[in-house]
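Rule-based calculations on the coordinates, nothing more; no lab input. The shown structure was predicted, so the numbers you read here are calculated from the model rather than taken from an experiment. Virtual Cβ from ideal backbone geometry, glycine too; neighbours counted across all protein chains shown.
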Amino acid sequence: MSESLIPQLPTSSEEPPRAAPTGWKTDVMQKRIRARYAKERRFRMWGLAAVVGSASFLAFLLVTMLWQGIGGFQRAEIALPIDFKAAALEVTPEQLRGKGADLALASAGLNDVVADAAVAAFGPDGADYISESAWVAVRDELKDRPELLQGRASIDVPASSPIALAAKGDGNDPEVTKVAARLRDEGTLKQGFNIDFLTGSDATDPTGVGIWGALKGSLLTMLVTLLIAFPIGVFSAIYLEEYAPRNRWTDLIEVSINNLAAVPSIIFGLLGLAMFLNFMQLPRSAPLVGGMTLALMIMPVIVIAGRNAIKAVPPSIRDAALGIGASRIQVVFHHVLPLALPGILTGTIIGMARALGETAPLLLIGMRAFIVTPPGGVFEPATVLPVQIFLWSDQVSRGFVEKTSAAIIVLLIFLLAMNAIAIYLRNRFETRW
């Protein structure tokens with residue numbers, strides 16, 4: 001073998017290669033470390049700025065809604081003196097205690113009696129000082145105290161919208177502002193909590209509207225949505241993850257579910273209109289139809305969340321259960337499902353929150369009707385909070401502005417309460433396992 005091919009080993013007399021200067025290497029590493037720490041500080045600052053910005057926008061939204069909507073929970077009332085004996089209403093105390101009291105008082109011309117009393121008390125323009133629904137307050141007072149038919153009484157009735165706005169400092173008419181100030185100085189005009197806003201339904205007069213009809217409609221609609229979407233979504237997730245064979249049909253179903261989760265909500269409204277109303281002939285504008293439509297919309301979300309939660313359960317849980325003799329269904333319902341339930345409830349919370357704020361699909365199935373009576377069941381006509389907010393925001397009267405903001409506050413409280421219950425249930429199952 002040639003000597004040139006034989007590697008030459010360094011002899012002991014040869015010096016080893018010199019390393020780079022220690023000071024140079026230390027300076028470079030220090031610069032790199034300082035740059036790395038600077039990047040980390042900048043990243044933390046950007047993250048903190050993002051959190052502060054998000055919290056600021058949320059705080060601005062809440063403060064704006066509270067500032068504009070707090071007046072919706074208040075009502076300006078005028079003490080109206082009425083001489084029922086002189087009015088000679090053709091109604092007996094026995095009729096006021098019966099079921100037909102409302103119709104009897106309306107037929108007897110109670111509305112005209114209230115308007116005449118306002119003119120007699122406040123002058124020719126007195127009828128403009130009280131609300132259109134003032135006679136309703138007088139009607140309820142007569143039903144509670146039938147003995148007033150034979151005497152005279154001062155009844156607090158809601159003030160008209162211009163007077164109410166002027167009493168709250170939002171009036172733009174100087175004459176109306178002067179009238180409100182005069183009535184306040186006389187002790188006739190006062191403000192108080194508007195309990196009718198929480199117990200009443202929709203009306204044409206902003207001083208007489210209420211949110212209970214829409215709130216009850218939302219409760220019934222969400223109940224139907226949950227009872228349909230949750231069990232079907234959970235069972236679908238269990239079958240696809242635990243029992244379904246892996247073939248092209250299963251892949252097609254998975255792709256379809258993922259695509260349905262991203263479909264615009266108005267498409268589900270068209271589906272509900274065609275399927276539930278036109279084909280199945282179910283009652284229009286009913287919570288049953290609204291709940292079924294929203295159930296179709298959130299079901300893919302629950303299925304996807306359920307599958308991910310079931311997939312996250314360790315395989316050792318299944319193997320251990322099967323190893324001690326448990327059947328397949330016992331493994332699923334006694335071990336896998338309880339462990340996956342917190343994740344399933346998280347997906348359900350997200351889906352229900354999305355359903356609660358939806359308006360477009362419910363408008364297509366007719367839940368934008370003018371409902372003056374709260375629904376008594378899932379088959380009766382009803383509306384929901386988002387649709388009620390949409391309808392009030394489209395009104396011309398300025399009195400509906402604060403009512404719209406007040407309804408948004410009620411919707412947010414309803415959403416927070418619903419999420420709080422779901423989070424409590426989720427945490428309860430997490431502590432158990």
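Per-residue extension of 0.36 nm, minus the Cα-Cα distance of Lys143 and Leu58, leaves a gain of 26.0 nm for this segment.
The slack in the chain from Val119 to Asp185, taken as 0.36 nm per residue of separation less the alpha-carbon distance, amounts to 21.9 nm. Site pair Phe235 and Ile350 shows an inter-label distance of 2.4 nm when each label is modelled 7 Å from Cα along Cα→Cβ. In terms of the Cα gyration tensor, with a ≥ b ≥ c the square roots of its eigenvalues, is region 285-341 rounded because a/c is under 1.5, prolate because a/b exceeds b/c, or oblate? In terms of gyration-tensor shape, prolate.
Modelled spin labels at Asp83 and Trp249, positioned 7 Å past Cα toward Cβ, are 8.6 nm from each other. The long axis of helix 248-260 is offset from the longest Cα principal axis of the chain by roughly 50 degrees.
Among the trypsin sites (Lys or Arg not before Pro) in region 306-344, none is located in a DSSP loop while being surrounded by at most 10 other Cβ atoms within 10 Å of its own Cβ.
Computed from point charges on the beta carbon alone (+1 for Lys and Arg, -1 for Asp and Glu), the dipole magnitude for region 300-421 about its Cα centre is near 280 Debye. Among (i) 22.6; (ii) 27.7; (iii) 21.6, only one was calculated for this model; which label is it, if the read-out is Kirkwood radius over Cα pairs in Å? Among (i) 22.6; (ii) 27.7; (iii) 21.6, the one calculated here is (ii).
Tell me the angle of helix 337-356 to the major Cα principal axis of the chain, expressed in degrees between 0 and 90 and rounded to the nearest ten. For helix 337-356, the angle is close to 50 degrees.
Restricting attention to the chain, the count of lysine pairs at 8 or more positions apart or across chains with alpha carbons under 27 Å apart stands at 16.
Among the trypsin sites (Lys or Arg not before Pro) in region 174-247, those located in a DSSP loop and surrounded by at most 16 other Cβ atoms within 10 Å of their own Cβ are Arg246.
Simple spin-label estimate for Met275 and Ile413 gives 3.6 nm between the two label positions (7 Å along the Cα-to-Cβ direction from each Cα). Computed per residue of the chain from DSSP H runs no shorter than four, each worth -39500 (n - 2.57), the mean residue ellipticity at 222 nm is -19500 deg cm²/dmol. Dipole check for region 113-211: with +1 at the C-beta of Lys and Arg, -1 at the C-beta of Asp and Glu, and the Cα centre as origin, the magnitude is about 260 Debye. Projecting each Cα onto the charge dipole of the chain (Lys/Arg +1, Asp/Glu -1 at the beta carbon, about the Cα centre), which of Gly290, Leu385, Leu345 comes out farthest on the positive side? Value: Leu345.
Rounding to the nearest 10 and keeping the result within 0 to 90°, find how far the Cα-based axis of helix 110-122 lies from the longest principal axis of the chain. With rounding to tens, the tilt is 80 degrees.
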